[in-house]
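Colleague: Below you'll find the structure I mean.
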Amino acid sequence: MSDRKPTKTAVALEWNGKGAPRVTAKGRNEIADNILAIAREHDVPINEDPELTEVLAHVQLGDEIPAELYLAVAQVIAFAYRLSGKAPSLAGHEDRRDPDTQVPNDPTQAPR
């Protein structure tokens, strides 16, 4: 049995509503702890997903996430918006949803 501590990894993403999210910070162990501490200090929602974090850790700093990760990261962004009680701006985007389709917990749709 090994006495090695498990490696902690953290990745910070930024998304301004345009293009794909970008990796703005990443690190392991002490650097990961610092990233998480800064996030907590600024009330940034933290989502723990070790598999996604490990894949995102391979993206270069400042780069957009690859298209293969859009769905997984979109779910994380939705999680962050739900926690903060905010909704993303749809300014400049046409709403292509079917008006007869109800989306659970969708703040843009009034109950029928």
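The values are calculated or read from the model by the stated rules, or taken from the named source; none is laboratory data. Just so we're clear, the structure is a prediction, and the values are computed from it rather than from any experiment. Cβ coordinates were reconstructed from backbone atoms using ideal geometry, including for glycine residues, and neighbour counts include every protein chain displayed.
Colleague: Name the residues in the stretch 39-69 that are within 21 Å of Tyr81 (Cβ to Cβ) and not in a helix (DSSP H, G or I), would you?
Modeller: His42, Asp43, Val44, Pro45, Ile46, Asn47, Glu48, Asp49, Glu64, Ile65
Colleague: At pLDDT 75 or above, touching a strand residue (DSSP E or B) at 6+ places or on another chain (Cβ under 6 Å) and surrounded by 12 or more Cβ atoms within 10 Å (Cβ to Cβ): does that describe Ala57?
Modeller: Taking the combined requirement at face value, the residue satisfies it.
Colleague: Here's something else I'd like to know. Hey, could you check the stretch 3-38 for residues that are in contact (Cβ under 8 Å) with a residue 60 or more places away in the chain and outside any strand (DSSP E or B) and say which is surrounded by the most Cβ atoms within 10 Å (Cβ to Cβ)?
Modeller: Only one residue tops the list, namely Trp15.
Colleague: OK, next. Mind checking which pairs have a first residue in the stretch 73-90 that is more than 15 Å from Val11 (Cβ to Cβ) and a second that is at pLDDT below 80 and not in a helix (DSSP H, G or I), Cβ under 9 Å, 6 or more apart or different chains?
Modeller: So the pair list comes out as Ala78/Pro88; Tyr81/Ala87; Tyr81/Pro88; Arg82/Asn105; Ala87/Asp106; Ala87/Pro107; Ala87/Thr108; Leu90/Thr108.
Colleague: Next question. Can you find, within the stretch 64-86, the residue that is modelled with the highest pLDDT among those that are small (Gly, Ala, Ser) and either surrounded by fewer than 10 Cβ atoms within 10 Å (Cβ to Cβ) or over 14 Å from the mean Cα position of the chain (by Cα) (or both)?
Modeller: Among those residues, the one meeting the criterion is Ala67.
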